[in-house]
Amino acid sequence: MATYNTNEFRGGLKIMLDGDPYTIIENEFVKPGKGQAFNRVRIRNLKTGRVVERTFKSGESLEAADVHDTQMQYLYNDGDTWHFMDPASYEQLTADAAAVGDAAKWIREEDMCQVTLYNGAPLSVEPPNFVILRIVETDPGLKGDTSGGGGKPATLETGAVVRVPLFVQIDELIKVDTRSGEYVSRAKEE
Amino acid sequence: MEWRPAASLAALRARAELYALIRRFFVAAGALEVETPIASHAGLTDPALESWRTAWTGPTGVQPLWLHTSPEFPMKRLLAAGSGPIFQICKVFRDGERGRRHHPEFTLLEWYRPGWDGERLIAEVANLVRLALGQPERPVEILSYRQLFRDRLAIDPLHATLAELAACARDQGIAGGEHLSLDRDGWLDLLLTHRLETGLGRGRLTFIRDYPPSQAALARLRPGPEPVAERFELYLEGVELANGFAELTDAAEQRQRFEQDQACRRELGLPVPPLDEAFLAALSAGMPEAAGVALGLDRLLMAITGTSHIDQVLAFPIERA
């Protein structure tokens with residue numbers, strides 16, 4: 001079982017704590033000149049996303065978390081389960097709604113996603129930063145309005161709702177930034 | 001490989017100016033600049049500090065040497081030899097210490113005043129630091145260690161039990177405190193670093209004095225109904241800057257403290273460096289009563305240049321050394 005000593009602490013290191021995997025966001029070495037050294041860290045729980053602070057005695061060791069990121073292709077969804085495939089090995093994995101989270105709003109079959117694996121099972125799924133999706137529902141806008149001011153809600157083929165300019169119409173393709181959930185531009189078929 | 005310096009040219013200039021200012025200050029104050037070895041046959045026994053080791057190939061073969069964590073022992077040998085007031089600017093080494101305010105190789109200004117007590121030395125430290133900061137009017141505050149903990153945490157650091165200290169850390173909401181296994185001084189250090197330190201020296205110079213006897217290091221004890229160590233620390237804008245003592249000059253007590261340190265190191269499975277017998281011999285021969293202090297010049301430079309990371313005042317931090 002791999003372990004990390006506090007000396008090895010740095011941003012991005014994955015550790016186990018109280019049975020959950022965490023990533024270190026920030027590590028501060030704290031020590032009075034003539035006294036006990038501590039490592040004061042900010043860490044993110046990779047299951048819940050919650051950020052907490054924690055102090056360790058310097059020199060302590062913690063178990064390493066078996067967590068790594070990999071690119072996988074989204075295949076299909078059958079209700080509660082999302083199926084992904086490793087494009088190199090064709091190995092398939094399934095992820096539940098908790099792991100897929102918000103990514104479910106953005107991904108279409110065959111999209112490549114970043115899947116974070118914990119002990120070999122998907123822990124979280126990141127959609128591509130930009131996706132191109134078709135509008136399936138929106139109010140007819142005013143013709144000739146190209147200002148983009150104001151805007152209106154539009155429902156996309158994946159079910160996500162984004163604000164789009166008034167001139168964008170049903171059945172058009174748009175590019176969306178999944179990190180902010182914002183409309184970027186109209187798009188053409190890839 | 002990054003070849004460029006981490007510090008700005010302005011920070012390099014600030015360092016040169018600071019050293020010149022310090023030398024002018026001590027020439028005017030009648031102190032002698034000295035130089036003592038960086039590598040020694042003896043190491044520091046303090047369990048809280050790790051020495052770097054090296055080796056010397058000489059006529060009797062390869063001998064292990066220890067890099068100093070401060071120039072204290074040889075400087076005290078000079079005092080015993082009748083040097084009078086002395087000061088030194090030197091690189092010191094502390095293994096494993098790395099962070100925003102720590103670098104394993106750093107620069108200390110250390111000086112000794114024979115015949116002075118802690119109070120008089122505190123005044124001189126304050127004068128030098130105010131001069132270096134260009135803030136001659138910066139206020140000075142002096143608190144006892146006990147008063148600090150009583151006023152701000154409502155706990156008596158001299159008498160609180162292990163359980164009371166742990167409970168205080170929990171009440172203070174120190175995250176992960178419930179998982180820590182510490183001794184009394186460890187809990188006090190936790191409270192100091194996590195809840196007290198950042199508030200010290202804000203807009204002023206804060207000196208903490210009269211430490212628990214267990215944290216005496218090389219300070220003499222002031223006897224009385226509540227004995228305390230005649231040790232002080234200076235904080236500037238939440239940063240520990242200097243540590244001083246009314247020096248322990250009793251050879252027998254010094255040897256006893258060293259041996260306690262060694263026993264503690266053995267118990268913790270840490271390396272046990274040999275005692276500095278030359279230093280102990282100097283104490284036996286008679287070292288004058290003196291006050292001494294070590295001040296971290298990199299941290300003082302951080303304050304002067306308004307930087308928040310020690311790398312910003314180092315030409316080449318260890319990762320690119």
Query raised in the report: If you go through the range A:164-172 one residue at a time, do you hit one that is among the polar types (S, T, N, Q) and modelled with pLDDT of 95 or more?
Result: no
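Is one or more of the residues making up the range A:146-153 within 30 Å of residue A:46 (Cα to Cα) and either touching a residue at least 12 places away in the same chain (Cβ under 8 Å) or among the aromatic types (Phe, Trp, Tyr) (or both)?
The first filter runs over the range A:146-153 and keeps only residues within 30 Å of residue A:46 (Cα to Cα), leaving none.
The answer is no; no qualifying residue exists.
Answer yes or no as to whether residue B:284 is assigned to a loop (DSSP other than H, G, I, E, B) and of a type in the set (Ser, Thr, Tyr).
Values: assigned to a loop (DSSP other than H, G, I, E, B): no; of a type in the set (Ser, Thr, Tyr): yes.
Here the answer is no, as residue B:284 does not meet what is asked.
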Query - Answer residue from the range A:173-190, given it is basic (Lys, Arg) and assigned to a loop (DSSP other than H, G, I, E, B) and is nearest to the chain's Cα centre (by Cα) among those - result: A:179
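If a residue must be among the hydroxyl-bearing types (Ser, Thr, Tyr), over 28 Å from residue B:258 (Cβ atoms) and within 11 Å of another protein chain (Cβ to nearest Cβ), how many such residues does the range B:196-234 contain? Lay out the reasoning, then the answer.
Step one: filter the range B:196-234 for residues among the hydroxyl-bearing types (Ser, Thr, Tyr), giving B:198, B:206, B:211, B:214.
Going one step further and asking which of them are over 28 Å from residue B:258 (Cβ atoms), we end up with B:198, B:206.
Filter once more, so that each one left must be within 11 Å of another protein chain (Cβ to nearest Cβ): B:198.
So the count comes out to 1.
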Requested in this report: Look through B:83, B:70 and report the one residue that is under 27 Å from residue B:268 (Cα atoms) and either assigned by TED's automatic domain parsing to the domain that holds residue B:207 or crowded, with 21+ Cβ neighbours inside 10 Å (or both).
Outcome: B:70
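Out of the range B:166-195, which residues are more than 10 Å from chain A (Cβ to nearest Cβ), touching a residue at least 24 places away in the same chain (Cβ under 8 Å) and surrounded by fewer than 21 Cβ atoms within 10 Å (Cβ to Cβ)?
If we filter the range B:166-195 for residues that are more than 10 Å from chain A (Cβ to nearest Cβ), which is where we start, we get B:166-168, B:170-172, B:178, B:184, B:191, B:195.
Now drop any that are not touching a residue at least 24 places away in the same chain (Cβ under 8 Å), which leaves B:184, B:191, B:195.
Matches in the range B:166-195: B:184, B:195.
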Report task. Scan (1) within 25 Å of residue B:246 (Cβ to Cβ); (2) surrounded by 21 or more Cβ atoms within 10 Å (Cβ to Cβ); (3) not acidic (Asp, Glu) for the single condition residue B:222 breaks and write down its number. Result -> (2)
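Taking residue B:173 as the residue in question, decide whether it is out of contact with any Leu (no Cβ under 9 Å at 6 or more places or on another chain), more than 20 Å from residue B:303 (Cβ to Cβ) and outside any helix (DSSP H, G or I).
On the way: out of contact with any Leu (no Cβ under 9 Å at 6 or more places or on another chain): yes; more than 20 Å from residue B:303 (Cβ to Cβ): yes; outside any helix (DSSP H, G or I): yes.
Judged against the criteria, residue B:173 is a match.
If you go through the range B:301-320, how many residues are more than 14 Å from every other protein chain (Cβ to nearest Cβ) and either surrounded by 22 or more Cβ atoms within 10 Å (Cβ to Cβ) or under 17 Å from residue B:70 (Cα atoms) (or both)?
Qualifying residue count, the range B:301-320: 4.
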Query raised in the report: Could you list, in sequence order, the residues of the range A:62-88 that are modelled with pLDDT under 95 and of a type in the set (Gly, Ala, Ser)?
Result: A:79, A:88
**Report entry** Among the candidates B:248, B:297, B:280, B:275, residue that is closer than 30 Å to residue B:9 by Cβ and either surrounded by 16 or more Cβ atoms within 10 Å (Cβ to Cβ) or free of Cβ contacts under 8 Å to residues at least 24 places away in the same chain (or both)
**Finding:** B:297
Query raised in the report: Can you tell me which of B:220, B:209, B:195, B:204 is of a type in the set (Lys, Arg) and out of contact with any Leu (no Cβ under 8 Å at 6 or more places or on another chain)?
Result: B:204
Query raised in the report: Since residue A:94 meets every condition but one in (1) in contact with a His (Cβ under 7 Å, 6 or more places away or on another chain); (2) within 14 Å of chain B (Cβ to nearest Cβ), which condition does it not meet?
Result: (2)
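Would you confirm, using the coordinates I've provided, whether residue B:263 is more than 14 Å from chain A (Cβ to nearest Cβ) and farther than 30 Å from residue A:59 by Cα?
Numbers: more than 14 Å from chain A (Cβ to nearest Cβ): yes; farther than 30 Å from residue A:59 by Cα: no.
Criteria not met by residue B:263.
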**Report entry** Number of the exception - residue B:148 against (1) in contact (Cβ under 8 Å) with a residue 40 or more places away in the chain; (2) more than 12 Å from chain A (Cβ to nearest Cβ); (3) over 23 Å from residue B:230 (Cα atoms)
**Finding:** (3)
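The values are calculated or read from the model by the stated rules, or taken from the named source; none is laboratory data. Please read all numbers here as calculations on a predicted model, not as lab measurements. Positions of Cβ are generated from backbone atoms using ideal geometry, with glycine treated the same way; all protein chains shown enter the neighbour counts.
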